[in-house]
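> First, the structure itself, so that you have it in front of you.
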Amino acid sequence: MGDSLQEAFDYVLSEYGSKSYLFWKDLIGQDAIVLTHPSDPNLQIEVSAMWDRVRPGGAIRLMVSTFELQPQRFRVKVPTKSLLVSEDGQVDTFGHGQT
C-alpha cells in the first residue's frame, strides 16, 4: 500500500499542487475531494483541507488518504500523507513527493 499511497500523493500534487491558498481555504469544512487512483481502480483518493494549528489562519494542512473500494483485509489505520500550503502559496511536502 505504501507505493500506492506515494503514487496517490504524487498524483494529487500534479493535479492540485498549483492551486492557490484561497482555493484550499474555501475547502476547509467542506467535503473531501475524491479522485480515482491513477493506476489502481480499487483505490479511491481523498484530499481534505484543514487549518494546521486547529485555529483559523496560517498554514493549511492537506491530508491525502487512500481507501480500498473493496477491502481485501481489515485496516485500523487509513494510509495517509500530508502537506502544508502556506499563506504565500508555498507547498511543503516534508520530503514526500514532488515540490
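> Taking Leu13 as the residue in question, decide whether it is among the aliphatic types (A, V, I, L, M), touching a residue at least 24 places away in the same chain (Cβ under 8 Å) and part of a strand (DSSP E or B).
Spelling it out, it is not the case that Leu13 is among the aliphatic types (A, V, I, L, M), touching a residue at least 24 places away in the same chain (Cβ under 8 Å) and part of a strand (DSSP E or B).
> So which of Val64, Val34 ends up being surrounded by 13 or more Cβ atoms within 10 Å (Cβ to Cβ) and not in a loop (DSSP other than H, G, I, E, B)?
Result of the check over Val64, Val34: Val64.
> Let me confirm something: among Gly29, Gly95, which residue is in a loop (DSSP other than H, G, I, E, B), among the small types (Gly, Ala, Ser) and at pLDDT below 90?
When all the criteria are applied, what remains is Gly95.
> Suppose we keep only residues that are among the charged types (D, E, K, R) and touching a residue at least 12 places away in the same chain (Cβ under 8 Å) within the stretch 29-55. Which one would you say is farthest from Tyr11 (Cα to Cα)?
Across the stretch 29-55, the extreme among qualifying residues is Asp52.
> Which pairs have Cβ atoms under 6 Å, sit 6 or more apart or on different chains, and link a residue in the stretch 73-98 that is basic (Lys, Arg) and surrounded by 14 or more Cβ atoms within 10 Å (Cβ to Cβ) to one that is assigned to a loop (DSSP other than H, G, I, E, B) and at pLDDT below 85?
From residues that are basic (Lys, Arg) and surrounded by 14 or more Cβ atoms within 10 Å (Cβ to Cβ), the pairs are Lys81/His96.
> Related question: Has the stretch 74-91 got any residue that is farther than 20 Å from Pro38 by Cβ, at pLDDT 80 or above and among the acidic types (Asp, Glu)?
yes
The values are calculated or read from the model by the stated rules, or taken from the named source; none is laboratory data. Everything numeric in this text was worked out from a predicted model, so none of it was measured. A quick note on method: Cβ atoms are made from the backbone with ideal geometry, for glycine too, and the neighbour counts reach across all protein chains shown.
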